[in-house]
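We did not get these values from a lab; they are worked out from the coordinates using the rules stated. What you are looking at is a predicted structure, and each value in this text was computed from that prediction instead of being measured. Cβ placement follows ideal geometry from the backbone for every residue including glycine, while neighbour counts extend to all protein chains displayed.
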Amino acid sequence: MTSLEDMLALCRAMFRRRAAVFHLTFHSSNIGVGGTPYVPTRQARDALLDRLAGVLDFLVAGHNVQPITAREYYELRPSVASGPQPNRVSEAPRAGRCFSGKQETALVLPSE
């Protein structure tokens with residue numbers, strides 16, 4: 001799996017490119033021991049959670065990035081998706097959408 005150092009290097013590169021959105025996503029099966037080949041043991045799961053905590057700490061505490069849900073991002077920026085908003089978070093995403101609510105978090109930089 002990707003190291004915390006590599007993840008932070010990507011974040012730094014995105015800051016240099018003045019990225020407006022940092023999108024961090026993982027499926028819930030990634031935090032269940034044995035749920036995927038990437039998390040075969042409790043130690044592997046804990047290491048994944050430590051990396052995620054490290055990235056979030058770097059972005060939120062270190063760079064004042066505001067965590068929001070995919071739904072909140074969609075509501076803030078309705079022009080990013082065409083068509084009507086889904087009525088329920090559990091609806092399957094439609095073509096062109098990447099919002100499932102329970103599996104994704106969008107991290108948005110504060111407005112200048």
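The length gained by stretching the chain between THR69 and ILE31 to full extension, at 0.36 nm per residue less their Cα-Cα distance, is 11.8 nm. Neighbours of ARG12 by Cβ distance under 15 Å: Lys/Arg scored +1, Asp/Glu scored -1, total 0.
Find out how many positive minus negative residues lie around HIS63, taking Lys and Arg as positive, Asp and Glu as negative, among other residues whose Cβ is under 11 Å from that of HIS63.
Details: positive: ARG12; negative: ASP57.
Summing Lys and Arg as +1 and Asp and Glu as -1 gives 0.
For LEU24, the residues 5 or more places off, or on other chains, whose built amide H falls under 5 Å of its own are THR105, LEU107. For a paramagnetic label modelled on ALA47 (point 7 Å from Cα along Cα→Cβ), amide N atoms under 17 Å away belong, within the range 1-39, to 1-8, 30-39. Distance distribution P(r), the range 1-59, all Cα-Cα pairs, bin width 10 angstrom from 0: 22, 48, 24, 6 percent.
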